[in-house]
1. Carbon and sulfur together cover what percent of the accessible area of the stretch 116-233 at a 1.4 Å probe radius?
2. So for the chain, averaging the separation of alpha carbon pairs under 8 Å that are six or more residues apart and normalising by length, what relative contact order in percent results?
3. Can you run phi through the Karplus equation (6.51, -1.76, 1.60; θ = phi - 60°) for the stretch 179-193 and list ³J(HN,Hα) in whole Hz, with x for Gly and Pro?
4. What whole-number distance in Å separates the alpha-carbon centres of the stretch 153-209 and the stretch 70-98?
5. Quickly rank 255-263, 57-65 as a protection proxy: mean count of other C-beta atoms within 10 Å, highest first.
6. In deg cm²/dmol, rounded to 500, what helix-only [θ] at 222 nm does the chain give when every DSSP H run of at least 4 residues adds -39500 (n - 2.57) and the total is split over its residues?
7. Just how much of ARG195 is accessible, in Å², when a 1.4 Å probe is used and the result is rounded to the nearest 10?
8. For the charge dipole of the stretch 131-282, defined by +1 on Lys and Arg C-beta atoms and -1 on Asp and Glu C-beta atoms about the Cα centroid, which residue among SER211, ALA138, ALA193 has the Cα displaced farthest towards the positive pole?
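The values are calculated or read from the model by the stated rules, or taken from the named source; none is laboratory data. These numbers come from a predicted model, not from an experiment. Counting neighbours? That spans all protein chains shown, and the Cβs are built from the backbone with ideal geometry, glycine included. Heads up: the accessible areas ignore ligands, DNA and RNA and are worked out on the full protein's heavy atoms, side chains in. Shrake-Rupley method; radii C 1.70, N 1.55, O 1.52, S 1.80 Å.
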Amino acid sequence: MAFSTLVLLTCIVGYFVIASASNFYQDFEITWGDGRANILNNGDLLTLSLDKASGSGFQSKNEYLFGKIDMQLKLVPGNSAGTVTAYYLSSKGATWDEIDFEFLGNLSGDPYILHTNVFSQGKGNREQQFYLWFDPTADFHTYSILWNPQRIVFSVDGAPIREFKNMESKGVPFPKNQAMRIYSSLWNADDWATRGGLVKTDWSQAPFTASYRNFNANACTVSSGTSSCSNSASSPSAWLSEELDSTNQEKMKWVQKNYMIYNYCTDAKRFPQGLPTECKTA
C-alpha cells in the first residue's frame, strides 16, 4: 500500500495516545549518512548502510513519554565484526535518559551480541548482554520496549529478556520526566565492538546493511516539550500499567538462564564498593 498508516488519536487527561502502524516517511527522518539511509517500498521499509567513509542513522519525528514500541530489524549478514546497529530511545542534555538495544556484529558463523542498557539522569553502567536463539540476519525479528511509570521491559519476538523496575523509593533514578525520541544508527565501532576490539571491520565486505520494517508505537507523545503523561485510572491504555504475568516472568527467566552472557548485577569485581542498589533489591 502507498500509505499504510493508521493513526488513532485519543485525547486523555491532557496528552495524546498514539497507536501507529508505521509509514517511515511519516514517522521518521533520516539524520545522517549522505545517502546511505533509504526509505523504500512506499514507506514500508528503511535501510541503513555503512562503508569505510560513513555509517548512517535516523530518528523519530515524535518525542515520547512512556509507550510500548516495536520495531522489526534484520541485521547485517555475514562478517559483521566491528559493526554496531543501535536502536534506542534517548532524551537530550547532560542528565539524559536512554533505553538501549545495541547489536554487536561478529565474524561469520559467530553469534551477534545483543547489548542492553538503561540510563537515568545521565548515569548508565547497567549493561546486560545476550546471545539470541535465532539468526537475526536471516529474517526480520521484533524488538520491543515497554516503558511505563513502573518498569522498562525489553522483549524479543514477544519474549521478555530484561526488566528494569522503578525503584525510586530505594534512591535509584528512573526515566520518567524526559521525553525521548527513537534513534537508530549503523556505525563502525571496531575499537571495542567485537571481542573487545581485537577483531576489526573487514571493509572488503562493505557496504554493510541493516533493514527495518513494521514500526509500531502505542505511546504518549509530547508535542511541545511541556506535556507529560500520567498514569490515570481513566486511561484505557493497558500498557501504562502493564507488568509481567507469571508466564512472561518464566519466559524471561528461561532467556536469562540460557542466553544471558553478561549481567552487571553479578559483576562484583566491577563494583568493589558493592553492587548497585537495584541489583540488591531486584
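1. Details: 2090 of 4840 Å².
Its accessible area is 43 percent carbon and sulfur atoms.
2. Numbers: 676 pairs, mean separation 75.8, N = 282.
The normalised contact order for the chain reaches 27 percent.
3. Using θ = phi - 60°, the values come out as 5, 10, 8, 8, 10, 8, 8, 10, 8, 8, 9, 6, 7, 8, 5 Hz.
4. Each part's Cα centre sits 5 Å from the other's.
5. Details: 255-263: 14.2, 57-65: 19.8.
The packing order, highest mean first, is 57-65, 255-263.
6. Numbers: 3 runs with 23 residues, N = 282.
About -2000 deg cm²/dmol.
7. Using a 1.4 Å probe on the heavy atoms, I get roughly 140 Å².
8. ALA193
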